[in-house]
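Just below is one structure, and these are the notes that go with it.
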Amino acid sequence: MNKYVSTVLEELKAKNPNQPEFIQAATEILESISLACDKHPEYEKAGLLEMLTEPERVIMFRVPWVDDKGQVHVNKGYRVQFNSAIGPYKGGLRFHPSVNLSILKFLGFEQIFKNSLTTLPMGGGKGGSDFDPKGKSDNEVMRFCQSFMAELYRHIGQDTDVPAGDIGVGAREIGYMFGYYKKIANEHTAVLTGRGLSYGGSLARKEATGYGLVYLVDEMLKCNGKSMDGKTVVISGSGNVAIYACEKATSLGAKVVALSDSNGYIYDEKGIDLDLVKEIKEVKRGRIKEYVAVHKDAKYTDGCKGIWTIKCDIALPCATQNEIDVESAEMLIKNGVWCVGEGANMPTTLEATKKFLDAKVLFAPAKAANAGGVATSGLEMAQSSQRLFWSFEEVDAKLKSIMIGIYHSIADAAEKYGQKGNYVMGANLAAFEKIADAMMAHGVC
Ligand code: NDP
């Protein structure tokens, strides 16, 4: 590894000893961009990597809220404004009990590179809270969202920082947060994306991450002489990304046989009945095991990890970080998987990624493969600026062209640096070239 890169990485580990997820993401990216740093010795004097790995700003705040019984609760709120070299900070808000600074720094750091790949003018950020919307009433969720926004509104704006949804933050939460922002800031602007269609949202935003994942994977397959048609696919999760990945993969002729949630997974060898899953997850906010009450021949198993023991051609992890470890990767490879597309952020551990690459599995890394969501958020911002809306077909066509473009930019970058077929390195290098160029142009700031 380039000496400057390894020094920065060691210092980063020493300075952030309690942030394993952030160090994991930084290690993968810094190792990959070592080749670019070899070509640019001027980066060291400019302190480029030290600046890149330190967030421009981290905001932490308390979020007090009152439950339906009158009891006060206090959660932690965060916004990590990581890097604005390319454009305003952009990245989702996650509401989940596991949220902490390490996880948000990993997500924010990844987001800088992902947003660069979209070719749109967006910097990287991420935020959220350790609040769990699951099991809360709509009124409780609304009071929480209002309290969260009562602080966050000071730090965001359509040209400053534009948050969106992520785990635990869907249409309901975005609606409550937008409504409160509008009230206290007295402006109706594109300060959040993923908005409802009646108040500034974009058609196809809901579908974008899942569809985009499949568009990119499909292009990768075509360029490697393969296709989705007739292939068996396993998808983890049953949230926004998983549902629309399932829909698009099925429309391209694949058979999706499994989905999961944080309690367990379902296996339906006839192919998943997605209308039923949407009814359970999007309408009733229920659990995935309810599926087997309708489809008696499908099987439900407790626990998430077992989903990776199901035999498949293509695996699309779409739930959460580090859901595929070495053991799961080995099981997938043993069962004949030959393609993995990451819909979730960092769903594969570093060691498991190496296993897939060594086994010559076609591996589409998250920052490229799931960039369709933020890309369509960028298209939502563009529509808001014009005060115009595009049809579903127009947005979907733009999304598809962006995803195909991302595939070719990461494949070309991998080849340019002598790493043909290694899309992990290709994604990091392609994204880094643009960020580094912008940061060098801005000087020390
Ligand atoms: P949702 O909240 O809609 O769905 C998340 C799904 O993953 C649910 O099925 C959830 O189960 C499951 N899940 C969450 N945590 C765990 C866990 N610890 N173990 C097992 N399963 C878990 O989120 P999204 O679909 O929006 O996001 C999924 C992933 O995709 C995340 O990594 C997110 O960062 C990433 N992503 C999302 C984008 C978007 O546009 N939505 C854009 C780019 C990336 P349960 O219901 O039981 O919690």
**Message:** Looking at region 329-346, I want the residues that are under 16 Å from Y211 (Cα atoms) and have a partner that is assigned to a loop (DSSP other than H, G, I, E, B) and more than 16 Å from the ligand (Cβ to nearest atom) with Cβ atoms under 6 Å, at least 6 apart or on another chain. Which pairs are those?
**Reply:** V340/V361
**Request:** Would you mind telling me which numbered condition in (1) among the acidic types (D, E); (2) within 23 Å of K398 (Cα to Cα); (3) surrounded by fewer than 24 Cβ atoms within 10 Å (Cβ to Cβ) D132 fails?
**Result:** (2)
**Asked** So which pairs qualify, if the first residue must be in region 92-120 and in a strand (DSSP E or B), the second must be away from the ligand (no atom under 13 Å from the Cβ) and small (G, A, S), the Cβ gap must be under 6 Å, and the two must be at least 6 apart or on different chains?
**Response** F95/S129
**Message:** On the basis of being touching a Phe, Trp or Tyr at 6+ places or on another chain (Cβ under 8 Å) and not in a strand (DSSP E or B), does L259 make the cut?
**Reply:** no
**Prompt:** For L192, are the conditions met, namely being part of a loop (DSSP other than H, G, I, E, B), away from the ligand (no atom under 12 Å from the Cβ) and farther than 17 Å from L93 by Cβ?
**Reply:** no
**Asked** Under the condition of being more than 16 Å from the ligand (Cβ to nearest atom) and among the aliphatic types (A, V, I, L, M), which residue from region 374-396 is nearest to L107 (Cα to Cα)?
**Response** A382
**Request:** Just give me the residues in region 116-146 being touching a Ser or Thr at 6+ places or on another chain (Cβ under 8 Å) and among the charged types (D, E, K, R), in sequence order.
**Result:** D130
**Extreme residue, nearest to D297 (Cα to Cα), among residues of region 221-238 that are in contact with a helix residue (DSSP H, G or I) (Cβ under 8 Å, 6 or more places away or on another chain) and surrounded by fewer than 24 Cβ atoms within 10 Å (Cβ to Cβ)** = M228
**Request:** Tell me, please, whether a residue that is within 13 Å of the ligand (Cβ to nearest atom) and assigned to a helix (DSSP H, G or I) can be found in region 25-36.
**Result:** yes
**Message:** Residue under question is F95, and the condition is that it be closer than 30 Å to M425 by Cβ, within 11 Å of the ligand (Cβ to nearest atom) and either of a type outside the set (A, V, I, L, M) or modelled with pLDDT of 95 or more (or both); does it hold?
**Reply:** no
**Prompt:** Has region 282-294 got at least one residue that is under 29 Å from K400 (Cα atoms) and either in contact (Cβ under 8 Å) with a residue 40 or more places away in the chain or surrounded by 16 or more Cβ atoms within 10 Å (Cβ to Cβ) (or both)?
**Reply:** yes
**Asked** Restricting the search to region 275-311, which residues are in contact with a strand residue (DSSP E or B) (Cβ under 6 Å, 6 or more places away or on another chain), of a type in the set (S, T, Y) and either within 20 Å of G135 (Cβ to Cβ) or assigned to a helix (DSSP H, G or I) (or both)?
**Response** Y291
**Item:** All positions within region 168-218 that are free of Cβ contacts under 8 Å to residues at least 40 places away in the same chain and under 23 Å from A397 (Cβ atoms)
**Value:** G196, L197, K206, D218
**Message:** Step by step: first the residues of region 173-189, then only those that are part of a loop (DSSP other than H, G, I, E, B) and at negative phi, then the one that is nearest to the ligand (Cβ to nearest atom). Which residue is that?
**Reply:** T189
**Asked** Does I410 count as assigned to a helix (DSSP H, G or I), crowded, with 24+ Cβ neighbours inside 10 Å, within 16 Å of the ligand (Cβ to nearest atom) and under 18 Å from the mean Cα position of the chain (by Cα)?
**Response** no
**Prompt:** Out of (1) buried (at least 24 other Cβ atoms within 10 Å of the Cβ); (2) out of contact with any Lys or Arg (no Cβ under 9 Å at 6 or more places or on another chain); (3) not in a helix (DSSP H, G or I), what's the single condition that is false for I272?
**Reply:** (2)
**Request:** Keeping to region 121-150, report how many residues are more than 16 Å from the chain's Cα centre (by Cα), more than 12 Å from the ligand (Cβ to nearest atom) and not in a strand (DSSP E or B).
**Result:** 18
**Prompt:** When you scan region 195-242, how many residues do you find that are under 22 Å from G92 (Cα atoms), charged (D, E, K, R), more than 9 Å from the ligand (Cβ to nearest atom) and in a helix (DSSP H, G or I)?
**Reply:** 1
**Item:** region 69-86: number of residues that are more than 29 Å from the chain's Cα centre (by Cα) and part of a loop (DSSP other than H, G, I, E, B)
**Value:** 3
**Request:** Identify all residues within region 261-275 that are under 19 Å from G210 (Cα atoms) and away from the ligand (no atom under 15 Å from the Cβ); write none if there are none.
**Result:** G271, D273, D275
**Prompt:** Among the residues of region 243-260, is there at least one that is of a type in the set (S, T, N, Q), within 13 Å of the ligand (Cβ to nearest atom) and surrounded by 15 or more Cβ atoms within 10 Å (Cβ to Cβ)?
**Reply:** yes
**Message:** With the requirement that a residue be buried (at least 19 other Cβ atoms within 10 Å of the Cβ) and out of contact with any Phe, Trp or Tyr (no Cβ under 7 Å at 6 or more places or on another chain), what does region 69-86 give you?
**Reply:** Y78, R79, V80, N83, S84, A85, I86
**Complete:** Counted residues in region 313-352 being within 14 Å of the ligand (Cβ to nearest atom) and more than 20 Å from the chain's Cα centre (by Cα) come to 1
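The values are calculated or read from the model by the stated rules, or taken from the named source; none is laboratory data. If you're wondering where the values come from, they're calculated on a predicted model, not measured in any experiment. Here the Cβ is made from the backbone with ideal geometry for all residues, glycine too, and neighbour counts use every protein chain on show.
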